Amino acid sequence: MADQYAQPGEDKRPTDIPAIRWEEPPEGPVLVLLDQTRLPAEEVERVCTDASALVEAIRSLAVRGAPLLGIAGAYGVALAAARGFDVDEAAMALEGARPTAVNLSVGVRRARAAYRSELAGGGDPEQGARAALAAARQLHQEDAEASARMAEHGLALLGELLPGGGHRVLTHCNTGSLVSGGEGTAFAVALAAHRAGQLRRLWVDETRPLLQGARLTAYEAARNGMAYTLLTDNAAGSLFAAGEVDAVLIGADRIAADGSVANKVGSYPLAVLARYHHVPFIVVAPVTTVDPDTPDGASIEVEQRPGFEVTEVTAPQAPVSGAGGGAPVAPLGTQAYNPAFDVTPPELVTAIVTEEGVVSPVTAGALAELCARSRQATAG
């Protein structure tokens, strides 16, 4: 069976369950994922024994979030190599699983390059598989380190923009340890502020239609003891109007060369609200999310999700009756517009926080300089 579930041990606490891990039981290597579609009702792990199972896990959002998708993609290539499957075929399937998230293709290509390099140097497929796994593990570690540096840079930026502490921060979707090898991107900054005694309130958008904010960010905020409040996405405007938001912190799935930011749908309206109300709108993402080959926002391919995600409501452990496995909330045959992401133009972004530093104002030249500096650091 290529894809199965495993229940974590009863003595494990939520913080002990990683979002992704590689294991090597006697029957062969597997990739184990914390199934995010089952949170917060259940902490259930999903076991993938081949790349096709991982592709399905990615498409179903059992594993999600730009940095973690890069890690998953690299491990997926290593899994295919270790199990004796066609590595190029697996890599192609993984890259196409979610087209907007550039980190996924970055991770896949990195592990595949390590595999090919080993073979080109005279190594056998087994050695190639070990090389791919080493590349995936290195990417995993690098992402954890990048997360810590982003939190540091982001906290310093909040201190500059909002002296005095007591920050009231609004976030959208989920950007914590569930999407990262470390503690996340935007959420990691809010968590750093919390630990420093500078976070007064974390406002959590529900993030419709799949409720990543309600199900996942609230879950992470609660287990970290943060002061947080959940709101529907369409309540954000009244929150800004009441003067209750000091800054917006979001992640990114792809940043174009000109600084346009693709993130979970609903991010662009927040940027417009933030600009009107003179509130900093801050994007937190690793340098790998910047795609120099995508010139501008119009060139970003935006994933279109199934309509039933809008016309039905799905909740873990809830009764289901709809075609997509949820409870219908719209008349049968209703058409739905369901882009997974929207694109925020650079002029609405106050700053982009990366592990290599902060870009502000956001321009093509500043981003290019950041990426060049990152490549030099990696080469060194």
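The values are calculated or read from the model by the stated rules, or taken from the named source; none is laboratory data. Note that this is a predicted model, so its numbers are computed, not measured. All Cβ positions, glycine included, derive from the backbone under ideal geometry; neighbour counts span all protein chains shown.
General remarks:
- Residues satisfying the stated conditions in region 205-242, i.e. of a type in the set (Phe, Trp, Tyr) and either part of a helix (DSSP H, G or I) or not assigned by TED's automatic domain parsing to the domain that holds SER267 (or both): TYR219, PHE240
- Annotation note: of ALA235, ALA193, ALA214, ALA222, the sole residue that is touching a helix residue (DSSP H, G or I) at 6+ places or on another chain (Cβ under 7 Å) and farther than 14 Å from GLY65 by Cα is ALA193.
- Exactly one residue out of LEU68, LEU94, LEU31, LEU54 is more than 26 Å from LEU119 (Cβ to Cβ), buried (at least 20 other Cβ atoms within 10 Å of the Cβ) and modelled with pLDDT of 95 or more: that is LEU68.
- Restricting region 287-302 to residues that are among the hydrophobic types (A, V, I, L, M, F, W, C) and more than 20 Å from THR185 (Cα to Cα), the residue that is farthest from the chain's Cα centre (by Cα): ALA298
- Scanning region 127-154 for residues that are surrounded by fewer than 22 Cβ atoms within 10 Å (Cβ to Cβ) and closer than 18 Å to VAL248 by Cβ yields one hit, HIS153.
- Matching entry among GLY251, GLY243, GLY225, GLY164 (being within 23 Å of LEU104 (Cα to Cα) and among the small types (Gly, Ala, Ser)): GLY251
- Inside region 54-70, residues that are outside any loop (DSSP other than H, G, I, E, B) and in contact with an Asp or Glu (Cβ under 6 Å, 6 or more places away or on another chain) make up a count of 2.
- Criterion violated by ARG83 - all others in (1) modelled with pLDDT of 95 or more; (2) within 18 Å of HIS140 (Cα to Cα) satisfied: (2)
Residue-by-condition table, conditions (1) assigned to a loop (DSSP other than H, G, I, E, B); (2) farther than 24 Å from VAL189 by Cα; (3) of a type in the set (Val, Ile, Thr):
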| residue | (1), (2), (3) |
| --- | --- |
| LEU332 | yes, yes, no |
| GLN335 | yes, yes, no |
| ILE352 | no, no, yes |
| CYS371 | no, no, no |
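- Some residue of region 104-120 being surrounded by fewer than 18 Cβ atoms within 10 Å (Cβ to Cβ), of a type in the set (Ser, Thr, Tyr) and assigned to a helix (DSSP H, G or I): yes
- Residue count for region 71-103, restricted to those that are among the hydrophobic types (A, V, I, L, M, F, W, C) and in a loop (DSSP other than H, G, I, E, B): 3
- For region 167-175, the criterion of being part of a strand (DSSP E or B), β-branched (Val, Ile, Thr) and surrounded by fewer than 18 Cβ atoms within 10 Å (Cβ to Cβ) is met by no residue.
- Number of the condition not met by ALA101 [criteria: (1) in the same structural domain as ALA82 (by TED's automatic domain parsing); (2) at pLDDT below 95; (3) over 23 Å from VAL204 (Cβ atoms)]: (3)
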